[in-house]
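Q: Pasting a structure below so you can have a look.
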Amino acid sequence: MTSAEEKVPIDIDNVDHEFVALIKKAGGPNIQSCFQCGTCSGSCPAGARTNYLVRGIIRKALLGLKEECISSPELWFCTTCYTCTDRCPQDVQPTEVIKAIRNIAVQSGYMLAPHQKVALNVLKTGHAVPLGGETWEKLRQKVGLETRPPNASSHPDAIEEIVKLAKASGFDKLVAEKEEKKE
Amino acid sequence: MAKQKFMHFLGCIIPHRYPSIEKAARLVFADLGIELLDMEKASCCPAPGVFGSFDRVTWATIAARNLTIAEEAGHNITTGCNGCFASLWDANHELKHDDELRDAVNENLATIDRVFKGTVEVTHYVDALYSVAGLEKIRETITRPFDGVRMALHPGCHWMRPKNIKQKDDSERPHIFRDICEASGATYVPYKDELICCGAGGAVRTADVKTALDFTKQKFDSLLEAGGADIIVTPCPFCELQLDLGQVEIQKHFEAEYHFDIMHVVELLALAFGHEPEEFGLATHLQYMQRKNEPAWQVLGIERPTADDASASE
Ligand code: SF4
Ligand code: SF4
């Protein structure tokens, strides 16, 4: 799945000098320690089967190529397995850097529809994977458990609390706005 | 010694898709004299892949709300899910060390009259089994050892990684999860890709199931190269879903067919402690429901449950 043919060379004149600071603030404080050894990508099971290259994304980020980084679809192939983080000789914590870049991507409107749906599930039901219909209640009965577990699935007031928290943090708008954009 | 108690954090996948794990946990911890307290009103951890990737403060806020439920009750948390553990442990750790994050989170929590205090610890079943119950107690409780059963392991990622922060085990050569599983009497089968991710995490399964399954397939092929195994044991329901239901999905996406019985470590122990599979519904794993088949009872050395509809009415 290499996509070298499709890739245009990067435009180094179009850089965002704030990007590195933004990443550091968003949860990737060690990004500037990277010396491009490639241990991360060499360890990366996502990179082994897709065109995702964690070292490359970090390099681009350090160059200030914000748009390149946040718009790249492969940013979402990292499974957050933390193998790179355990092996990076510079303690860059590449997994955290990737998550920070994803945070910035989402703020800029790059959000995949299935992820947005999962986020909305939590606001609607309190759970990313909601209990769902009768089939699942029956499955619980079959193993000898009460039909609904003692989590938000049987406590509507817990869902109300989650909705309030999402409002307080602005998360409701973050996920909802994109919904409108998609239409 | 006073009876050890934990707030039992269920999450989503265990109670909603693999309830056999929830039931097995209740059996196993009762046998070990550890009390699991219902964590009423807990929500999603929230899913570390999606929420952690979307907005760190919101992720930490929702996780912190769950933590406050345990803080109010005054007991540490235990969870049987690597993903829930990742969210709750990481959030607890970050909130205890990052004042700026803690202030932002507590500002949000104030809107629902809660406050994160940082007074509890988050553990995984693996910790509860290894450090609280202990291997000796586990060995003493075993009445049906899995003699001669070939067992492969899938430890998954988030209990032990990142290793410098979690400080649980050596993530390149872990032994704790293996020690617990080997106490069941099963024979450990090493394979090259034991320690790679199942592919489901980081919101990858949600975005692109075929890519996620490609990881899983690599693990299965690696295991077959090592001679195969009768069961694969994992400490995580999301990994279990990926390895179990994943076999059905792989058949669709790759035209490759695998038949592995997958168990959560508490399911393995429930059986080893002498419980019958229908007591916790081992046969309700989604691969069996969808393929309309059953665990390989004979290989596991377990008598096939008599009633076809093995309900757990005790
Ligand atoms: S392993 Fe660390 S230092 Fe090496 S390229 Fe990756 S992030 Fe940079
Ligand atoms: S955490 Fe992400 S970038 Fe790092 S090795 Fe795992 S999949 Fe690759």
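Q: Quick check on packing: order A:28-35, B:64-71 by the mean number of other C-beta atoms within 10 Å, highest mean leading.
A: By packing density, highest mean first, the sequence is B:64-71, A:28-35.
Q: Taking 0.36 nm per intervening residue step and subtracting the Cα-Cα distance, what contour gain separates B:Glu276 from B:Val248 on full extension?
A: Taking B:Glu276 through B:Val248 to full extension adds about 7.5 nm, to one decimal.
Q: Please arrange A:Lys99, B:Lys166 by accessible surface area, largest first, computed with a 1.4 Å probe and ligands excluded.
A: A:Lys99, B:Lys166
Q: Related question: To test your reading of the geometry: what angle, between 0 and 90 degrees and rounded to tens, separates the Cα axis of helix A:113-125 from the longest principal axis of chain A?
A: With both axes taken from Cα atoms, the answer is about 40 degrees.
Q: How much FRET efficiency would the formula 1/(1 + (r/R0)^6) give for B:Lys3 and B:Lys192, where r is the Cβ-Cβ distance and R0 is 41 Å, rounded to 0.05?
A: So the FRET efficiency works out to roughly 0.45.
Q: So, one more: Rank B:Ile142, B:Ile14 by accessible area, highest first, at a 1.4 Å probe radius?
A: Order by accessible area, largest first: B:Ile142, B:Ile14.
Q: Once Lys and Arg get +1 and Asp and Glu get -1 on their Cβ, which of B:Val248, B:Ala270, B:Gly228 lies farthest toward the positive end of the dipole of the range B:189-290?
A: Of the listed residues, the answer is B:Val248.
Q: Further question: For the pair A:Ala21/B:Asn164, report the inter-label distance in nm, with labels modelled 7 Å from Cα in the Cβ direction.
A: About 2.6 nm, to one decimal.
Q: Just counting partner chain Cβ atoms within 10 Å, what average do the residues of peptide A:131-138 show around their Cβ?
A: Mean inter-chain Cβ contacts per residue within 10 Å come to 2.
Q: Something else about it: State to the nearest 20 debye the size of the charge dipole of the range A:19-107 about its Cα centre, where the only charges are +1 on K and R beta carbons and -1 on D and E beta carbons.
A: Its charge dipole is roughly 60 debye.
Q: My understanding is that a pair violates if its Cα-Cα distance is over 23 Å; which of B:Lys217/B:Lys252; A:Lys25/A:Lys164; A:Lys173/B:Lys166; B:Lys3/B:Lys96; B:Lys96/B:Lys163; B:Lys137/B:Lys168 do that in this structure?
A: The answer is A:Lys25/A:Lys164; A:Lys173/B:Lys166; B:Lys3/B:Lys96.
Q: Pairing the Cα long axis of helix A:171-182 with the longest principal axis of chain A, what angle in degrees results, from 0 to 90 and rounded to the nearest 10?
A: 80 degrees
Q: Roughly how many nanometres apart are two label points built 7 Å out from the Cα toward the Cβ at B:Arg139 and B:Glu294?
A: Result: 3.4 nm between the two label points.
Q: Continuing with this model, one more query. Please pull out the direction-averaged projected area of the protein assembly as shown, using the convex hull of its alpha-carbon atoms, in nm² to one decimal place.
A: 23.0 nm²
Q: Take peptide B:285-297, look around each residue's Cβ out to 10 angstrom, count Cβ atoms belonging to other protein chains, and average those counts.
A: Across the residues of B:285-297, the mean count of other-chain Cβ atoms within 10 Å is 0.
Q: Another question, if that's okay. On each of the three principal axes of the Cα atoms of chain B, give max minus min coordinate, whole Å, ordered largest first.
A: Projected onto the principal axes, the Cα atoms of chain B cover 56, 47, 38 Å.
Q: Using the alpha-carbon centroid of each, what span in Å lies between the range B:4-36 and the range A:123-155?
A: For the range B:4-36 versus the range A:123-155, the Cα centre distance is 15 Å.
Q: At 0.36 nm per residue, and after removing the present C-alpha to C-alpha distance, how many nm does the segment from B:Glu172 to B:Ser131 gain when stretched out fully?
A: Gain on extension, B:Glu172 to B:Ser131, equals 12.7 nm.
Q: With every protein chain present, what accessible area does B:Lys3 have (1.4 Å probe, heavy atoms only), rounded to the nearest 10 Å²?
A: The accessible area comes out at roughly 120 Å².
Q: Then there's this: Enter the angle in degrees (range 0 to 90, nearest 10) between the Cα long axis of helix A:54-63 and the first principal axis of the Cα atoms of chain A, meaning the one along which they spread out most.
A: Orientation of helix A:54-63: about 60 degrees from the principal axis.
Q: List the lysines whose Cα lies under 23 Å from the Cα of A:Lys138, skipping any in the same chain that are fewer than 8 positions away.
A: A:Lys124, B:Lys23, B:Lys41, B:Lys292
Q: Take every Cα-Cα pair in the range B:108-202 and report what % of them are more than 16 Å apart.
A: When every Cα pair of the range B:108-202 is considered, 66 percent fall beyond 16 Å.
Q: To continue, here is another question. Can you tell me the length gained on complete extension of the stretch A:Ile12 to A:Ser71, counting 0.36 nm per residue apart and subtracting the Cα distance?
A: Here the segment from A:Ile12 to A:Ser71 would lengthen by 19.6 nm.
Q: Here's something else I'd like to know. Note the direction-averaged projected area, equal to a quarter of the hull surface, for the Cα convex hull of chain A, in nm².
A: Computed as one quarter of the Cα hull surface, the answer is 13.9 nm².
Q: May I ask you to list the aspartates and glutamates whose Cα is less than 18 Å away from that of A:Lys99, ignoring any residue fewer than eight positions away on the same chain?
A: A:Glu18, A:Glu67, A:Glu68, A:Glu74, A:Asp86, A:Asp91, B:Asp55, B:Asp90, B:Glu94, B:Asp98, B:Asp208
The values are calculated or read from the model by the stated rules, or taken from the named source; none is laboratory data. What you see is a predicted model, and the numbers here were worked out from it, not measured in a lab. Positions of Cβ are backbone-derived with ideal geometry, glycine not excepted, and every protein chain shown enters the neighbour counts. Just so you know, the surface numbers come from the protein's heavy atoms only, side chains and all, with ligands and any DNA or RNA stripped out. Shrake-Rupley method; radii C 1.70, N 1.55, O 1.52, S 1.80 Å.
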